[in-house]
Amino acid sequence: MPVINGKYYTEEEVRAIKRESSSDDFDKFLISGVIGAVTGSSIVGGLLGGSFLGGLAGDLLEGDDDSWF
């Protein structure tokens, strides 16, 4: 049994934790990408969406460098 912070977890609980955390990270990436593309700013996308990498990707995909921020 895996031990995390002194607590024993079953394999099913560990898989559930991994699923929850990975989908949250992907959602943050997508939201940041959309915000980065709309605003044209990777910084604003990262701050509002929670993922600076997603904000950067959205800003790069937007293609124009006429950011308001």
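The values are calculated or read from the model by the stated rules, or taken from the named source; none is laboratory data. All values reported here derive from a predicted model rather than from experimental measurement. Please note: Cβ atoms are built from the backbone with ideal geometry, for glycine as well, and neighbour counts cover all protein chains shown.
Some observations on this one:
- Close pairs from region 30-46: first free of Cβ contacts under 8 Å to residues at least 40 places away in the same chain and among the acidic types (Asp, Glu), partner in a helix (DSSP H, G or I) and surrounded by fewer than 20 Cβ atoms within 10 Å (Cβ to Cβ), Cβ under 9 Å, at least 6 apart: none
- Matching residues in region 15-62 - criterion: being among the hydroxyl-bearing types (Ser, Thr, Tyr) and out of contact with any Gly (no Cβ under 9 Å at 6 or more places or on another chain): Ser21, Ser22, Ser23
- You will find that of Lys7, Lys18, the residue that is at pLDDT below 80 and on the phi < 0 side of the Ramachandran plot is Lys18 and no other.
- Leu48, sole failed condition from (1) surrounded by fewer than 13 Cβ atoms within 10 Å (Cβ to Cβ); (2) at pLDDT 80 or above: (1)
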